[in-house]
């Protein structure tokens, strides 16, 4: 319930769940556009499937919990979860994978904990982590970016691939899919090759790998717009990217044959998406200004640790989930001093 | 023939109302760790039941001869000896199952359900009641384990009773029951998170059944309109 107050010294608050979620969705457009440009319209189909599944899950859970359904469906919070999950998935993932991930995120990640505002973990990342752990063969089947393959699937082809697992007759899934830059680095380093040789491949050009850098630029652009609009604070993205850049720089200077450049780390994988859209979720992140810096920086450090020495090529989801767990403790120790109270 | 009516409360508490896994939430470590298939669950559940029966009977037999100050070390000693015997027996007769369950069989010693029953029940009750309590608390624990095991195995692999031969010998080789056909498998259910989520859901189902039974009983004894109980004037405005 809001009481718009119009008298002189007050400004009516314009923030609402609706407006914030909608603006975050708008801010996702550049990154989404880059994804569609580089990886084809399958991304849009994934968004549609995830949106439908998330809204259905939301409605079903609300009716089970005997809560009003219509306002929650109109506040875009489930929609945002769905889109964040959909942009993290491989563009040609089978439809049931996306639908299951979105349902898991909403039903178990969000509503079993009490719904919007009560979930301790970022629902989209819960869904992503569950899918990554349970269906690794589908979750690693990324497509080559358009910069490399020169062509992208048409909408109808992508639709068929997602819903019926059929491709145009001259293609197969094994031939079509390709490891991401981070994945390539991880497996090739495991084969004792040096970074120079690995990065001589066609996938690595520019700063973040072909295709992937544009996606990251897109999310960076959307993120900067959100910063300007005051939807997110600067602490988490700066902490995240600063820590990721800093620790990558240290290790790059120590051994450039094994550790990629800090710029590559910041513009590859889910770095920008994570820094601006996922780590900044107001429900699950730390809330104090100092706490947010610590929270963001810890995620950045963990992302580097998982990418360099962990079992997975990228670690944004796991890092965010771990720090979600730590956020209440961080808040406890970084509570701002109340004016007039002793330290 | 034994008169079972005097054990009714023990049976009901052990199996349902005070189920060690679903209500008391004891023994969760082995419960969560080995419940990834029906056979593993059944193996550990029956081993725990045996340990419960023997420790309850022995504790009950010596209950009047142990000084209260040292009762806990004595109980632990009894339980540890029992579990050692059970472990050696399993190693001899169910060798393959013993290899799969591994450390969790010796760890039955640390299952708080067992020392909990010894302290709360066996040390205060005659042998026959302690025996029945051990048996039904154990069966209740086994029931919980098998339910969780079946849930995780069915969702995780699409079939239950895989490798039943570990426990029932050669004839059980093809007891595997397919639940879903053409199923890819859902790895999360078999991994540790599946145990936590599965146990949570099972406890929720148990609470739901209890709540339903309660409203039904309420409706029988008092013909009050149950609607008016749920409706508060706040919601009307």
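Here's the yes/no breakdown for (1) in a loop (DSSP other than H, G, I, E, B); (2) modelled with pLDDT of 75 or more; (3) within 14 Å of another protein chain (Cβ to nearest Cβ); (4) within 26 Å of residue B:15 (Cα to Cα):
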{"position": "B:163", "(1), (2), (3), (4)": "yes, no, no, no"}
{"position": "B:171", "(1), (2), (3), (4)": "no, no, no, no"}
{"position": "B:188", "(1), (2), (3), (4)": "no, yes, yes, no"}
{"position": "B:202", "(1), (2), (3), (4)": "no, yes, yes, yes"}
{"position": "B:206", "(1), (2), (3), (4)": "no, yes, no, yes"}
{"position": "B:224", "(1), (2), (3), (4)": "yes, no, no, no"}
{"position": "B:228", "(1), (2), (3), (4)": "no, no, no, no"}
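If residue A:38 meets every condition in (1) part of a helix (DSSP H, G or I); (2) at pLDDT 90 or above; (3) under 24 Å from residue A:269 (Cα atoms) apart from one, which number is that one?
So residue A:38 meets the others, but not (2).
Restricting attention to region A:289-314, which residues are surrounded by fewer than 18 Cβ atoms within 10 Å (Cβ to Cβ) and within 26 Å of residue A:17 (Cα to Cα)?
Within region A:289-314, A:289, A:290 qualify.
Considering B:148, B:97, B:166, which residue is within 18 Å of the chain's Cα centre (by Cα) and over 30 Å from residue B:68 (Cβ atoms)? So that I can check it myself, show each step before the final result.
Numbers: B:97 fails: within 18 Å of the chain's Cα centre (by Cα); B:166 fails: within 18 Å of the chain's Cα centre (by Cα).
Only one candidate passes the filter, namely B:148.
Among the residues of region B:154-180, count how many are buried (at least 16 other Cβ atoms within 10 Å of the Cβ) and closer than 21 Å to residue A:96 by Cβ.
6
Just to be sure, is residue A:135 over 20 Å from the mean Cα position of the chain (by Cα), closer than 15 Å to residue A:95 by Cα and touching a residue at least 24 places away in the same chain (Cβ under 8 Å)? Show your work before the answer.
On the way: over 20 Å from the mean Cα position of the chain (by Cα): no; closer than 15 Å to residue A:95 by Cα: yes; touching a residue at least 24 places away in the same chain (Cβ under 8 Å): yes.
Criteria not met by residue A:135.
Is one or more of the residues making up region A:249-260 buried (at least 24 other Cβ atoms within 10 Å of the Cβ) and under 15 Å from residue A:323 (Cβ atoms)?
Taking region A:249-260 first, the residues buried (at least 24 other Cβ atoms within 10 Å of the Cβ) are A:260.
From what's left, under 15 Å from residue A:323 (Cβ atoms): none.
Scanning region A:249-260 turns up no residue that is buried (at least 24 other Cβ atoms within 10 Å of the Cβ) and under 15 Å from residue A:323 (Cβ atoms).
Would you mind telling me which numbered condition in (1) at pLDDT below 85; (2) within 14 Å of another protein chain (Cβ to nearest Cβ); (3) crowded, with 18+ Cβ neighbours inside 10 Å residue B:183 fails?
Unmet condition: (3).
For the structure I just gave you, tell me whether residue A:125 is within 14 Å of another protein chain (Cβ to nearest Cβ) and crowded, with 20+ Cβ neighbours inside 10 Å.
On the way: within 14 Å of another protein chain (Cβ to nearest Cβ): yes; crowded, with 20+ Cβ neighbours inside 10 Å: yes.
When the stated conditions are applied, residue A:125 passes them.
The values are calculated or read from the model by the stated rules, or taken from the named source; none is laboratory data. Quick caveat: nothing in here was measured; it's all calculated off a predicted structure. As a convention, Cβ positions derive from the backbone with ideal geometry for all residues, glycine included, and neighbour counts pool all protein chains shown.
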